[in-house]
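Worksheet: the structure to be examined is printed underneath.
The values are calculated or read from the model by the stated rules, or taken from the named source; none is laboratory data. These figures come from a predicted structure and were not determined experimentally. Heads up, the Cβs are rebuilt from the backbone with ideal geometry, glycines too, and the neighbour counts pull from every protein chain shown. Accessible surface areas use protein heavy atoms only, side chains included; no ligands, DNA or RNA. Shrake-Rupley method; radii C 1.70, N 1.55, O 1.52, S 1.80 Å.
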Amino acid sequence: MALNPIAQRLLKLPRPILIGLAVVGSLLLLMGGCQLLKPKPKVDPYRFAAIERGDVTKTVSASGNVQALVTVQVGSQLSGLVSQVLVDFNSPVSKGDVLAVIDAKTYASRVNQGTADLGAVTAALAQQRAALEQAKAQNEVDQAAYRRVKSLADQGFASGQALDQATAAVKRSEAGVALARAQIAAQSARVAQSKAGLEASRYDLGRTQILSPIDGVVVDRKIDPGQTVAASFQAPVLFQIAQDLSKLQVKIMVDEADIGQIREGQTVKFTVDAYPDETFQGAVTQVRKQPETQQNVVAYAVIAEAENKGGRLLPGMTANADVVIDERPNVLKVPAAALRFKPADMQSPTVVSGPPGGGGGGGGRPQAAGNAGARNGGGRLLEQLDLTRDQQAKAKPIFEEMRAKMMTAGQDPKARRAARDEAFAKLTPLLKPEQRARLTAMQGQFGGRGGPQAGKTPGVVWILKDKKPWPVSVRVGASDGSFSEIEGDIKPGDQVIIGGGPKPLPTMRSPFGGGSTARPRT
């Protein structure tokens, strides 16, 4: 039997090459057979959830500790042996009550010594005053003698020497008076010094009794009778007293990403491990500006006050708190998964280029085919809408005009949004129903018509229409993590898609340097 020319050429090839070709052909046949035998994957059914009306509360979660409003640490300024401890843990105390007593013998002896010293210097002061009176009397005698001698000297009956002696005696007595007065002043200072020392000793004696500075409850006791207190550069803490446990404060640490939403007066709801089924409530009273950094995480302390009815909350308990940022009662709400859902054909195809520096021009970085669209005159957006040639010709000038207006708008978000909305409005009459549905979904991704309103952001939910996902534009408000508030052309009871449906094929990298595009799997 004659062979065709190709077979004749193959037979002329060396034997090793023929064996290699046979092996490759066998592998290809085997792979093809496996693909034929492989069952076709089933399409996951869509999962739905109903739009419902209810309350949505936006909160910021944090943890912290329960603390007393005022906690005073009571210490001792004196060193000594503790002779008595008159209170224990949980003892109620009033301001001025004696908490403990330090042995007062040493300080009492100092008071006695100070009293004796004061008596001695007081007696010396009396002696100095008597000496002053004596000096004054002597001065009066010398003054009289001087006057007599001077009168006689004027009449020629007394010599000049006698007059000089009388004058010197007057000066000596005057100096004696001045000296006595100076000694009295010095002794008066000694008396004042002794009084001050005695007063200090009496203060120290009074400090041997440790008194409560406030009305409250003893929450900590650090001493026992017989223990020695050593007060040096820092007063040792002997007791901790919490004031008025009928009200407590919760100190919670809020992450820096959430602290901007916290304001004074906001409601705080918290639980403690001791009563896991009960929620306590308070209000934010202080947002401290001092940051606290732990393990490179920056947080800020937020203080909230809460009533402690029945005294069940105790200082030190761990509080798991939620700060209420926003409350929306009786609104339309939808599961958060509905806002995240996107049909397979609306998920942006990913083009993965070859190795860096290879073909495809992508440098190995994935690019979303539906990325904003406006940066290249709407080219990518036109690709997602799957326009016909005629539609593309009419849409191209619309997007060129949009791009020019966006460049003129610069970084002004309102002007850019207005240019985009205007382009979408002009494009809508050119589209078929399915294309309009795609455009509606894109509007939700790009910011929606009219942009945010009253604190709400644009979004899209999907319903099933004619057995196909159909987008509905909504405005999204507050969210509690599970449900989000929405407004739009939708009503309670409507079923929205939260998952399931066809999935896109995984993206494969081309081994030859080119790109490959993932296609939806149906």
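Any chance the stretch 416-438 includes a residue that's of a type in the set (D, E, K, R), modelled with pLDDT under 85 and within 36 Å of the chain's Cα centre (by Cα)? Scanning the stretch 416-438 turns up at least one residue that is of a type in the set (D, E, K, R), modelled with pLDDT under 85 and within 36 Å of the chain's Cα centre (by Cα). Scanning the stretch 242-252 for residues that are closer than 15 Å to GLN286 by Cα and surrounded by 19 or more Cβ atoms within 10 Å (Cβ to Cβ) yields LEU248, GLN249, VAL250, ILE252.
Every test in (1) touching a Ser or Thr at 6+ places or on another chain (Cβ under 7 Å); (2) open to solvent by 20 Å² or more (accessible area, probe 1.4 Å); (3) under 16 Å from ALA100 (Cα atoms) is passed by ASP220 save one, and that test is (1). Criterion applied to GLU305, GLU278 was being among the acidic types (Asp, Glu), touching a residue at least 24 places away in the same chain (Cβ under 8 Å) and outside any loop (DSSP other than H, G, I, E, B), and the one residue passing it is GLU305.
Against the list (1) open to solvent by less than 90 Å² (accessible area, probe 1.4 Å); (2) within 29 Å of GLY488 (Cα to Cα), the condition LYS414 fails is (1).
Taking ALA369 and the conditions (1) at pLDDT 80 or above; (2) touching an Asp or Glu at 6+ places or on another chain (Cβ under 9 Å); (3) among the aliphatic types (A, V, I, L, M), which numbered condition does it fall short on, given that it satisfies the others? Failing condition for ALA369: (1). For the stretch 423-441, a residue qualifies if it is assigned to a helix (DSSP H, G or I) and in contact with a helix residue (DSSP H, G or I) (Cβ under 7 Å, 6 or more places away or on another chain), and the qualifying residues are ALA423, PHE424, LYS426, LEU427, THR428, LEU430, GLN435, ARG436, ARG438, LEU439, ALA441. Among the residues here, LYS136 does not qualify as out of contact with any helix residue (DSSP H, G or I) (no Cβ under 8 Å at 6 or more places or on another chain) and open to solvent by 60 Å² or more (accessible area, probe 1.4 Å). For the stretch 373-410, filtering for residues that are in a helix (DSSP H, G or I) and either open to solvent by 80 Å² or more (accessible area, probe 1.4 Å) or modelled with pLDDT of 80 or more (or both) leaves 23. Residues in the stretch 285-331 that are open to solvent by 60 Å² or more (accessible area, probe 1.4 Å), among the hydrophobic types (A, V, I, L, M, F, W, C) and over 20 Å from the mean Cα position of the chain (by Cα): LEU314 alone. The set of residues in the stretch 493-522 that are at pLDDT 85 or above and open to solvent by 70 Å² or more (accessible area, probe 1.4 Å) contains only GLN495.
Answer with yes or no whether GLY54 is modelled with pLDDT of 75 or more and surrounded by 10 or more Cβ atoms within 10 Å (Cβ to Cβ). Here the answer is yes, as GLY54 does meet what is asked. Pairs please, first residue from the stretch 198-209 and closer than 18 Å to GLY119 by Cβ, second anywhere and hydroxyl-bearing (Ser, Thr, Tyr) and surrounded by fewer than 17 Cβ atoms within 10 Å (Cβ to Cβ), Cβ atoms under 7 Å, 6+ apart in sequence or on different chains. Within 7 Å, the pairs are LEU198/THR115. One residue alone among ALA185, ALA169, ALA178 is open to solvent by less than 50 Å² (accessible area, probe 1.4 Å) and assigned to a helix (DSSP H, G or I), and that residue is ALA169.
Among the residues making up the stretch 455-469, those that are open to solvent by less than 70 Å² (accessible area, probe 1.4 Å) and either small (Gly, Ala, Ser) or modelled with pLDDT of 85 or more (or both) are GLY459, VAL460, VAL461, TRP462, ILE463, PRO469. SER109 falls short on exactly one of the conditions (1) free of Cβ contacts under 8 Å to residues at least 24 places away in the same chain; (2) in contact with a helix residue (DSSP H, G or I) (Cβ under 6 Å, 6 or more places away or on another chain), and that condition is (2). Applying a threshold of 9 Å to beta carbon distances and a minimum spacing of six or more residues, or different chains, the list of pairs starting in the stretch 233-259 at a residue that is free of Cβ contacts under 8 Å to residues at least 40 places away in the same chain and ending at one that is open to solvent by 10 Å² or more (accessible area, probe 1.4 Å) and not in a loop (DSSP other than H, G, I, E, B) reads GLN234/GLY75. None of GLN8, GLN35 is at pLDDT below 70 and either open to solvent by less than 100 Å² (accessible area, probe 1.4 Å) or in contact with a His (Cβ under 8 Å, 6 or more places away or on another chain) (or both) except GLN8. One residue stands out among those in the stretch 99-123 that are of a type outside the set (S, T, N, Q) and loosely packed, with under 14 Cβ neighbours inside 10 Å: the one that is farthest from ARG207 (Cα to Cα), which is ALA123. Consider the stretch 71-93 and keep the residues that are open to solvent by 60 Å² or more (accessible area, probe 1.4 Å) and aliphatic (A, V, I, L, M). The one that is farthest from ASP220 (Cα to Cα) is LEU81. Exactly one residue out of ALA231, ALA257 is loosely packed, with under 15 Cβ neighbours inside 10 Å and either assigned to a strand (DSSP E or B) or among the hydrophobic types (A, V, I, L, M, F, W, C) (or both), and it is ALA257. Listed conditions (1) over 16 Å from GLY75 (Cα atoms); (2) open to solvent by 60 Å² or more (accessible area, probe 1.4 Å); (3) in a helix (DSSP H, G or I) are all met by TYR203, apart from (1).
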